[in-house]
Amino acid sequence: MTSSDMKKKISSVIALAMRGGVAITRHKRAEMVMLSAADYEELVRAVLEARRAPLARMTAEFDAMVGRMNTPESAAGVKALFAATPKQLGKAAVKAAAAHA
């Protein structure tokens, strides 16, 4: 719909917008869209959810990782790490490198 048509027929434009939106054109190019308030709110909600999804996924992954680290076995491992001598740490590093090779 052109902006001229919109000015002349605003009540019918509003009715069309309530049924799914109307693109308003100028020089055959869409310049704006008229939506119902409900459609606009749904669109904004969808955009915000899409933007938050990566952060929510990373938060869940981080929480799961922290959960795996907060075990009695992990606490014992940290205690052993800080009690280890340089020689013991060296042997553990060599063993771990060999396991990953």
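Worth a mention:
- V78 modelled with pLDDT under 90, surrounded by 10 or more Cβ atoms within 10 Å (Cβ to Cβ) and in the same structural domain as L89 (by TED's automatic domain parsing): yes
- Of A46, A97, A38, all but one fail to be exposed (fewer than 10 other Cβ atoms within 10 Å of the Cβ) and closer than 30 Å to M18 by Cβ; the exception is A38.
The values are calculated or read from the model by the stated rules, or taken from the named source; none is laboratory data. Treat the numbers as computed from the prediction; the structure is a model and nothing was measured. Neighbour counts run over all protein chains shown; Cβ positions are idealised from the backbone, glycine included.
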